[in-house]
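Colleague: Before anything else, here's the structure in question.
What follows is calculated from the coordinates using simple rules that are stated; it is not laboratory data. Here the structure is a predicted model, which is why all the values come from computation and not from measurement. Because the Cβ atoms are built from the backbone with ideal geometry, glycine has one as well, and the counts that use them run over all protein chains shown.
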Amino acid sequence: MNITVEVKSPTATTGTLEINGKRYDCTLGRAGVIAPAQKAEGDGKTPLGIFPLRQLLYRADRVAKPHTKLPVEILTAQTGWCEDPSHADYNKKITLPHPAATDHMTREDHLYDYLVVIGYNDAPVVPGKGSAIFMHLARPDFGPTAGCVGLRPADLLEVLKYCDLASKIEIRLF
């Protein structure tokens, strides 16, 4: 099942996610959205376009395994994501410790208790075009993300029920 995220302007930090005829409020990058050709590492923008969903990662030490048809993996203290454009592991899940700049996936906050890896800049990986684009839990104050799509916990769990490896997410201006 496909997901559509509609955004009202290039600088908007919120949008509306739709799947299976249901609509949910979502958060986006702190600097809005941008076409993939202009996307850059660390720009705080959510990429526009159509992307596959790769897998669900979750914190089994905090939350229950959700219902989904996506491949599922448990996050551990050794799970990271490489955000260093100069490293061969750029925009890939890695094992910590790691010599490059990484995102620690077992965060103190709850944003990554559930996260879906969005297949952005991964086939092939282009250094510097952005990394670690996920669909994950929104901040409690519904503040913007660093470039991901954030949903309230109950909404993300509902969305996951409809997702499988054939699912794609389309992020677009309307």
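Colleague: Listed residues D61, D43; which is under 23 Å from G128 (Cβ atoms), acidic (D, E) and either assigned to a loop (DSSP other than H, G, I, E, B) or touching a Lys or Arg at 6+ places or on another chain (Cβ under 6 Å) (or both)?
Modeller: None of the others qualify; the one that does is D43.
Colleague: Oh, and also: Going by the structure shown, is D122 farther than 23 Å from I3 by Cβ and among the acidic types (D, E)?
Modeller: Values: farther than 23 Å from I3 by Cβ: no; among the acidic types (D, E): yes.
Against the criterion (farther than 23 Å from I3 by Cβ and among the acidic types (D, E)), D122 does not qualify.
Colleague: Further question: Any chance region 148-167 includes a residue that's surrounded by 14 or more Cβ atoms within 10 Å (Cβ to Cβ) and of a type in the set (D, E)?
Modeller: Yes, because at least one residue in region 148-167 is surrounded by 14 or more Cβ atoms within 10 Å (Cβ to Cβ) and of a type in the set (D, E).
Colleague: Restricting region 64-91 to residues that are assigned to a loop (DSSP other than H, G, I, E, B) and in contact with a Lys or Arg (Cβ under 7 Å, 6 or more places away or on another chain), which is nearest to P127 (Cα to Cα)?
Modeller: Step by step, filter region 64-91, then rank; the result is L75.
Colleague: Hey, could you check region 100-116 for residues that are among the aliphatic types (A, V, I, L, M) and over 18 Å from Q55 (Cβ atoms) and say which is surrounded by the most Cβ atoms within 10 Å (Cβ to Cβ)?
Modeller: We begin by selecting, within region 100-116, every residue among the aliphatic types (A, V, I, L, M); these are 100-101, 105, 111, 115-116.
Narrowing further to those that are over 18 Å from Q55 (Cβ atoms): 100-101.
Values: A100: 15, A101: 17.
Looking at residues that are among the aliphatic types (A, V, I, L, M) and over 18 Å from Q55 (Cβ atoms), I get A101.
Colleague: Please work out which residue is surrounded by the fewest Cβ atoms within 10 Å (Cβ to Cβ), limiting yourself to region 16-29 and to residues that are in contact (Cβ under 8 Å) with a residue 40 or more places away in the chain and touching a strand residue (DSSP E or B) at 6+ places or on another chain (Cβ under 7 Å).
Modeller: D25
Colleague: On the basis of being under 18 Å from F51 (Cα atoms) and either of a type in the set (F, W, Y) or outside any helix (DSSP H, G or I) (or both), does I94 make the cut?
Modeller: No, not satisfied.
Colleague: Show the residue pairs meeting these rules: Cβ distance below 8 Å; 6+ apart or different chains; first residue within region 117-132 and among the β-branched types (V, I, T); second residue part of a loop (DSSP other than H, G, I, E, B).
Modeller: Once the first residue is among the β-branched types (V, I, T) and sits in region 117-132, its partners that are part of a loop (DSSP other than H, G, I, E, B) give I118/I133; I118/C148; V125/Y90; V125/N91; V125/K92.
Colleague: Quick one: what pairs do we get from region 64-86, first residue touching a residue at least 60 places away in the same chain (Cβ under 8 Å) and of a type in the set (K, R), second surrounded by fewer than 18 Cβ atoms within 10 Å (Cβ to Cβ) and assigned to a loop (DSSP other than H, G, I, E, B), C-beta under 8 Å, 6+ apart or different chains?
Modeller: These pairs meet every condition: K69/L165.
Colleague: Now for a different question. Please go through region 30-40 and pick out each residue that is within 16 Å of A132 (Cβ to Cβ) and out of contact with any strand residue (DSSP E or B) (no Cβ under 8 Å at 6 or more places or on another chain).
Modeller: Across region 30-40, the qualifying residues are A31, A40.
Colleague: Continuing with the same structure: Given the structure, is A154 without any contact (Cβ under 8 Å) to a residue 24 or more places away in the chain, farther than 26 Å from A40 by Cβ, out of contact with any strand residue (DSSP E or B) (no Cβ under 6 Å at 6 or more places or on another chain) and outside any loop (DSSP other than H, G, I, E, B)? Please lay out each step first, then the result.
Modeller: Working: without any contact (Cβ under 8 Å) to a residue 24 or more places away in the chain: yes; farther than 26 Å from A40 by Cβ: yes; out of contact with any strand residue (DSSP E or B) (no Cβ under 6 Å at 6 or more places or on another chain): yes; outside any loop (DSSP other than H, G, I, E, B): yes.
The answer is yes for A154.
Colleague: Scanning region 114-149 for residues that are aromatic (F, W, Y) and part of a loop (DSSP other than H, G, I, E, B), which turns out farthest from A35 (Cα to Cα)? If you could, list the steps in order and put the result at the bottom.
Modeller: First, pick out the residues of region 114-149 that are aromatic (F, W, Y): 114, 120, 134, 142.
Subsequent filtering for residues that are part of a loop (DSSP other than H, G, I, E, B) retains 120, 142.
Values: Y120: 12, F142: 24 Å.
Here the residue is F142.
Colleague: I've got another one for you. Take the residues of region 22-48 that are of a type in the set (D, E, K, R) and closer than 20 Å to P153 by Cβ: which is nearest to the chain's Cα centre (by Cα)?
Modeller: D25
Colleague: Something else now. Do you know which of the residues in region 82-99 that are buried (at least 17 other Cβ atoms within 10 Å of the Cβ) and among the hydrophobic types (A, V, I, L, M, F, W, C) is nearest to C148 (Cα to Cα)?
Modeller: C82
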